[in-house]
Amino acid sequence: MWVPRRTLADEGFAPRPAYHGAMTSDAPALPHLVWDAGELGCGDLVLALRGKIRDVPPGAVLEVVARDGGAAEDVPSWCRLTGHALVAATPPVYRIRRKAE
Amino acid sequence: MAGKFVVSLTFATDNLDKATVAFVVANGAVGSGQETVVFLTIEGVRLSIQGYADGLQEEGFAPLKELMTNFVGAGGQIYVCSPCFKKRKLDDTKLVAGAKIVGGAKLIEFMAGGCPSISF
């Protein structure tokens, strides 16, 4: 006797959109502002970043150019800590969407 | 994801490298949205006096006074070890902005609920 194969939906799991890790975006990630952080790094970079993200409205994107050797690790960490979304990361260029207040 | 963070600093001009990096890390913490305290203790308490950090700059870093001013300006707090301050006969009317003299209980209260820290 043929038994139809059960799917995940039969088990109550709804289909989900594709997972893109930390880099999620619901809208085009065109920058509202571009900021060249130069060689700033470590605490100097993230403290300046804290101020600079406030120069874009909630939901808008800040593009950061950061050439410090630690920035490729620090910028994603800073985004996870602060709740802002890293929508693109191609070192030394990072696009960060400011979270809603 | 606001949390707490403590940077403990025991040096001043006797190790400007450590004093400087302590505030660089503290600025990283406060810049990342953490409720951050720099705990100045032992020789580190001298940094709490107005004018002491003027002109101090470790090679390769921003001037110490600028790092401290930026830290406080971003909402960071500076706790100054009371017995260390008293032992050195420093002037409590000359504290830099954002600094307060505290006993152990104040620090313990801040950290007791669970708080990462790093020491210099």
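Worth a mention:
- Each residue in the range B:17-68 was checked for being within 11 Å of chain A (Cβ to nearest Cβ), of a type outside the set (Phe, Trp, Tyr) and part of a helix (DSSP H, G or I), and 13 pass.
- Residues that are small (Gly, Ala, Ser), within 12 Å of the chain's Cα centre (by Cα) and away from chain A (no Cβ under 14 Å) do occur in the range B:98-106, at least one of them.
- Scanning the range B:69-87 for residues that are within 14 Å of chain A (Cβ to nearest Cβ) and of a type in the set (Ser, Thr, Tyr) returns a single hit, B:Thr69.
- When the range A:51-95 is filtered for residues that are part of a strand (DSSP E or B) and among the basic types (Lys, Arg), only A:Arg95 remains.
- Cβ separations smaller than 8 Å between residues 6+ apart or across chains give the following pairs from the range B:1-28 residues that are basic (Lys, Arg) to residues that are assigned to a helix (DSSP H, G or I): B:Lys4/B:Phe110; B:Lys4/B:Met111.
- Test: residue in the range B:80-96 that is in contact with a Leu (Cβ under 6 Å, 6 or more places away or on another chain) and either of a type outside the set (A, V, I, L, M, F, W, C) or over 23 Å from A:Gly70 (Cα atoms) (or both): yes
- Screening B:Thr36 against (1) surrounded by 24 or more Cβ atoms within 10 Å (Cβ to Cβ); (2) over 15 Å from B:Ala99 (Cα atoms) leaves a single unmet condition, (2).
- Every residue from the range A:63-88 that is more than 14 Å from every other protein chain (Cβ to nearest Cβ), among the hydrophobic types (A, V, I, L, M, F, W, C) and farther than 18 Å from A:Cys42 by Cβ: A:Val87, A:Ala88
- Among the numbered conditions (1) surrounded by fewer than 16 Cβ atoms within 10 Å (Cβ to Cβ); (2) over 12 Å from the mean Cα position of the chain (by Cα), the only one that B:Ala62 does not meet is (1).
- Those residues of the range B:55-112 which are more than 21 Å from B:Ser32 (Cα to Cα) and acidic (Asp, Glu), in sequence order: B:Glu58, B:Glu59, B:Asp91, B:Asp92, B:Glu109
- Only one of the listed residues (B:Leu40, B:Leu56, B:Leu90, B:Leu67) is modelled with pLDDT of 95 or more and in contact with a Cys (Cβ under 7 Å, 6 or more places away or on another chain). That residue is B:Leu40.
- Residue within the range B:40-58 that is hydroxyl-bearing (Ser, Thr, Tyr), in contact (Cβ under 8 Å) with a residue 24 or more places away in the chain and surrounded by fewer than 19 Cβ atoms within 10 Å (Cβ to Cβ) present: no
- Taken over the range B:3-16, residues that are touching an Asp or Glu at 6+ places or on another chain (Cβ under 6 Å) and part of a loop (DSSP other than H, G, I, E, B) amount to 2.
- Residue count for the range B:74-120 under the criterion of being within 20 Å of B:Gln34 (Cα to Cα), in contact (Cβ under 8 Å) with a residue 24 or more places away in the chain and part of a helix (DSSP H, G or I): the result is 4.
The values are calculated or read from the model by the stated rules, or taken from the named source; none is laboratory data. Only a predicted model underlies this, so the values are computations on that prediction, with no experimental measurement involved. All Cβ positions, glycine included, derive from the backbone under ideal geometry; neighbour counts span all protein chains shown.
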